Amino acid sequence: MSTTTPLASDSGDATTSSSSAKKSSGPIARVYDFLRSIPTIVVWLIVVVWSIPTLGLFVNSFRSRDGQRNTGWWKVRPSELTLDNYDQIFGARQGLGQSLLNSAAIAIPATIIPIAIAAFAAYGFAWVDFKGRKPLFIATVALLAIPLQVALIPLLQMFVGGARLTLPFLDKTITLIPDFDLAGTTTAVWLTHTGFAMPFAIFLLHNYISQLPKDLFEAARIDGAAHFTIFWRLVLPLSVPVLAAFAIFQFLWTWNDYLVANTMIGANASQQPTTILIANLAGDFGRNENILPAGAFVQAFVPIVVFFALQKYFVRGILAGAVKG
């Protein structure tokens with residue numbers, strides 16, 4: 001009579017299968033399976049529901065004060081529609097056109113400059129072997145923990161009077177940063193956004209660039225390509241999804257920002273972006289509240305266009321560097 005002894009590998013496979021079964025039956029796995037089972041039509045229904053407030057904002061932007069106060073936007077009649085609200089916000093008194101230019105003067109540099117600098121830095125941290133690379137990268141990522149709010153006033157003081165260091169034992173003051181007189185200008189706003197966007201941009205781009213196949217870089221070096229050539233001809237074309245994803249996030253954040261713009265620009269009406277202007281559109285005691293929907297829709301229209309223009313890169317960029325292979 002012969003007996004069969006299970007092999008160790010069989011035992012290991014059984015253990016692995018048992019472990020996998022336990023993981024697949026856990027709460028996270030059940031939630032994941034439930035989300036996967038949701039029909040696509042339900043997702044689109046959610047999208048439609050979330051779009052209803054935007055539609056209501058758009059309709060109310062063409063209605064008079066009495067129409068907005070008396071009935072809901074879904075009861076609008078074609079005879080009620082008017083362009084008076086848009087005439088007011090784009091008129092000389094309100095100046096929304098100039099504020100749109102101010103918003104663009106903030107959002108465009110604050111989006112392009114961090115991408116340009118962070119892409120170089122991310123490539124250097126990922127593929128250039130230099131002394132102190134890892135500590136410097138850790139220090140850069142650690143800057144993400146600094147709250148924006150605690151640095152606004154010191155930055156404003158620096159924009160007003162520069163930065164100086166007094167050496168008491170030498171009785172001497174050294175000028176670290178001269179006074180550029182940037183307070184009350186859009187330049188101060190996009191410089192602030194650029195500085196605070198840099199750590200996240202470097203972190204996001206590094207995660208993507210570091211996962212590019214090593215064989216590509218080795219082949220480029222064998223062909224005699226320098227680092228700049230590799231970065232320009234190889235890394236940038238392959239990094240378009242993550243660059244576009246960051247561009248969407250940064251543009252939306254800077255375009256819709258109110259806190260930084262209000263702190264740095266203040267009461268300088270000629271430099272105010274749309275967020276500050278719209279906050280003041282209602283006037284004293286809310287007498288002009290009927291023009292707020294028109295201003296808000298104009299403010300939201302540009303980010304909507306940017307998002308849909310780059311949406312094909314959005315998901316790919318968000319998942320960039322999340323997995324290998």
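The values are calculated or read from the model by the stated rules, or taken from the named source; none is laboratory data. This one's a predicted model, so the numbers in the text were calculated from it and none came from an experiment. Don't worry about glycine lacking a Cβ; one is built from the backbone with ideal geometry, like all the others, and counts go over all protein chains shown.
The set of residues from the stretch 216-252 being closer than 18 Å to F203 by Cβ and not in a helix (DSSP H, G or I) comprises just one member, S239.
For the stretch 279-291, how many residues meet the condition of being without any contact (Cβ under 8 Å) to a residue 24 or more places away in the chain and either crowded, with 21+ Cβ neighbours inside 10 Å or out of contact with any helix residue (DSSP H, G or I) (no Cβ under 7 Å at 6 or more places or on another chain) (or both)? Count: 7. Of the residues contained in the stretch 243-261, one or more are found to be surrounded by 15 or more Cβ atoms within 10 Å (Cβ to Cβ), over 23 Å from L310 (Cα atoms), at pLDDT 90 or above and in contact with a helix residue (DSSP H, G or I) (Cβ under 9 Å, 6 or more places away or on another chain). Candidates in the stretch 216-242 are the residues that are buried (at least 17 other Cβ atoms within 10 Å of the Cβ) and among the aliphatic types (A, V, I, L, M); of these, the one that is nearest to P147 (Cα to Cα) is V242.
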